[in-house]
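Just below is one structure, and these are the notes that go with it.
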Amino acid sequence: MRVVVIGGTGHVGGFLVPRLVRHGHDVTVITRGPSDPYHPDAAWKDVRRVHADRAAEDAAGSFGKRVAGYGADAVVDMVCFTPDSARQLAEALRGVTAHLVHCGTVWVHGVPTEVPVREDAARKPFGDYGVNKAAAEDHLLRQSALGGTPTTVLHPGHISGPGWVPVNPAGNFDPAVYGALARGEEVLLPNAGLETLHHVHADDVAQAFESALHDPAASRGRAFHICSEQALTLRGYAAEVAGWFGRPARLAFAPFEQWASAVDAQAADITYDHITHSSNVSIERARRLLGYAPRYSSLQAVREALAWLVAEGRVDTGGQPLNPA
């Protein structure tokens with residue numbers, strides 16, 4: 001099968017592209033510029049690499065035509081963020097490509113009502129990112145149902161793995177939070193620390209994309225949540241991280257406004273988005289229809305990423321070793 005992956009060197013693509021190559025697929029990866037995948041693999045030597053400025057080409061109305069020109073059997077779009085970009089691509093691929101697999105986000109749901117959230121739950125997205133991703137998905141599935149380009153949408157949670165900082169127990173990306181827990185220092189968490197984060201290992205997301213491509217009859221025309229088995233509360237997550245370093249967690253709590261005044265403004269904004277969404281989703285549909293079976297729990301996915309951060313010297317543990325898994 002000829003597969004084009006748009007944004008294929010990112011967190012998920014670094015795992016997905018080698019999976020596709022090993023299964024004998026002819027893979028073309030489109031990226032904005034030269035970049036190494038987060039996850040190195042010998043399979044990359046068999047991948048065709050193309051550079052394109054999607055934003056500029058979308059503005060010119062040419063990006064979809066570029067992708068259609070490869071005559072691929074399937075296109076995986078990891079980096080579509082607006083409904084107009086989604087529309088252009090789907091229109092260009094109509095009648096040319098048999099399957100478009102689009103990367104969405106669990107944030108299309110907005111503030112949850114009942115958890116774990118199912119794919120068919122009523123949605124109230126907020127913020128530019130969530131609203132635009134929800135609108136892009138709505139268009140893609142609607143045009144798919146009306147005979148356009150057959151489309152699948154996969155919704156990952158907080159993607160984690162070696163090579164980058166996962167969302168930490170304070171709901172942001174500051175690696176110093178892990179260091180404070182490792183050293184046994186007090187960590188201040190917002191509110192009561194009961195908001196939730198739903199992580200997923202990048203390779204588990206790659207597994208789901210691969211399954212969707214290999215079973216189009218089960219996946220086309222549907223959206224699927226792709227996360228670990230269970231979400232984490234902030235305070236429970238913090239306690240587990242401290243325990244990995246042989247420490248009890250020393251936690252304190254403050255109302256969000258008070259907590260935010262004590263941290264970097266950008267980190268506070270990121271935390272606000274994460275705790276307001278408090279992602280906690282069901283993966284039953286993906287399990288039933290795609291055979292999705294995550295290898296990593298949320299904690300296992302984070303732990304692997306944290307081990308990489310410690311090895312790279314990006315977390316000051318005060319000399320405290322990370323206990324064996």
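The values are calculated or read from the model by the stated rules, or taken from the named source; none is laboratory data. All figures in this text were calculated on a predicted structure; none of them were measured in a lab. Backbone-built Cβ (ideal geometry, glycine too); neighbour counts: all protein chains shown. We work out accessible area using only protein heavy atoms, side chains counted, and drop any ligands, DNA or RNA first. Shrake-Rupley method; radii C 1.70, N 1.55, O 1.52, S 1.80 Å.
Only residues that are part of a loop (DSSP other than H, G, I, E, B) and surrounded by fewer than 19 Cβ atoms within 10 Å (Cβ to Cβ): list them for segment 117-132, please. Break it down stepwise before answering.
Initially, segment 117-132 is screened for residues part of a loop (DSSP other than H, G, I, E, B), giving 118-123, 125-126.
If the condition is that a residue be part of a loop (DSSP other than H, G, I, E, B) and surrounded by fewer than 19 Cβ atoms within 10 Å (Cβ to Cβ), then R118, D120, A121, A122, R123, F126 are the ones that fit.
Considering segment 118-147 alone, what residues qualify as being over 20 Å from Q88 (Cα atoms) and of a type in the set (A, V, I, L, M, F, W, C)? Break it down into steps so the answer makes sense when it comes.
From segment 118-147, those over 20 Å from Q88 (Cα atoms) are 118-127; that's our starting set.
Selection gives A121, A122, F126.
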Residue, surrounded by the fewest Cβ atoms within 10 Å (Cβ to Cβ), within segment 23-39, restricted to residues that are modelled with pLDDT of 95 or more and of a type outside the set (S, T, Y): G24
Could you please give the count of residues in segment 78-104 that are polar (S, T, N, Q) and assigned to a loop (DSSP other than H, G, I, E, B)? 2
R295 vs. criteria open to solvent by 10 Å² or more (accessible area, probe 1.4 Å), over 24 Å from A176 (Cβ atoms) and without any contact (Cβ under 8 Å) to a residue 40 or more places away in the chain: no
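Based on what the data block shows, is V4 open to solvent by less than 50 Å² (accessible area, probe 1.4 Å), under 21 Å from the mean Cα position of the chain (by Cα) and not charged (D, E, K, R)? Reasoning before the result, please.
Values: open to solvent by less than 50 Å² (accessible area, probe 1.4 Å): yes; under 21 Å from the mean Cα position of the chain (by Cα): yes; not charged (D, E, K, R): yes.
Taking the combined requirement at face value, the residue satisfies it.
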All conditions in (1) out of contact with any Gly (no Cβ under 6 Å at 6 or more places or on another chain); (2) open to solvent by 30 Å² or more (accessible area, probe 1.4 Å) are true of V79 except (1)
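Out of G148, G179, report the one residue that is under 30 Å from T9 (Cβ atoms) and either touching a Lys or Arg at 6+ places or on another chain (Cβ under 6 Å) or among the hydroxyl-bearing types (S, T, Y) (or both).
On the way: G179 fails: either touching a Lys or Arg at 6+ places or on another chain (Cβ under 6 Å) or among the hydroxyl-bearing types (S, T, Y) (or both).
Exactly one of G148, G179 is under 30 Å from T9 (Cβ atoms) and either touching a Lys or Arg at 6+ places or on another chain (Cβ under 6 Å) or among the hydroxyl-bearing types (S, T, Y) (or both), namely G148.
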List pairs: first in segment 181-207 and under 16 Å from S298 (Cα atoms), second at pLDDT 95 or above and among the aromatic types (F, W, Y), Cβ under 6 Å, 6+ apart or cross-chain? H201/Y296; A202/F15; D203/F15; D204/Y296; A206/F15
When H51 is run through (1) open to solvent by less than 30 Å² (accessible area, probe 1.4 Å); (2) without any contact (Cβ under 8 Å) to a residue 24 or more places away in the chain, the failure sits at (1)
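Which of the residues belonging to segment 133-144 are basic (K, R) and surrounded by 24 or more Cβ atoms within 10 Å (Cβ to Cβ)? It would help to see each step written out before you state the result.
Narrowing segment 133-144 to residues basic (K, R): 133, 142.
Residue satisfying the conditions is K133 alone.
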Do you know which of the residues in segment 246-293 that are in contact with a Pro (Cβ under 9 Å, 6 or more places away or on another chain) and aromatic (F, W, Y) is nearest to E119 (Cα to Cα)? Y272
Might you check whether a residue that is of a type in the set (D, E) and within 16 Å of P175 (Cβ to Cβ) occurs anywhere in segment 256-265? yes
Selection from segment 9-22 of residues that are crowded, with 23+ Cβ neighbours inside 10 Å and over 13 Å from the mean Cα position of the chain (by Cα): T9, V17, L20
Would segment 46-60 turn up any residue that is at positive phi and in a loop (DSSP other than H, G, I, E, B)? no
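Results for (1) under 21 Å from T317 (Cβ atoms); (2) among the hydroxyl-bearing types (S, T, Y), shown as yes or no for each residue.
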site	(1), (2)
S219	no, yes
R222	no, no
C227	no, no
T233	no, yes
A238	yes, no
V241	yes, no
A254	no, no
A265	no, no
D269	no, no
Scanning segment 145-198 residue by residue, the ones that are farther than 22 Å from A252 by Cα, in a strand (DSSP E or B) and open to solvent by 10 Å² or more (accessible area, probe 1.4 Å) total 2
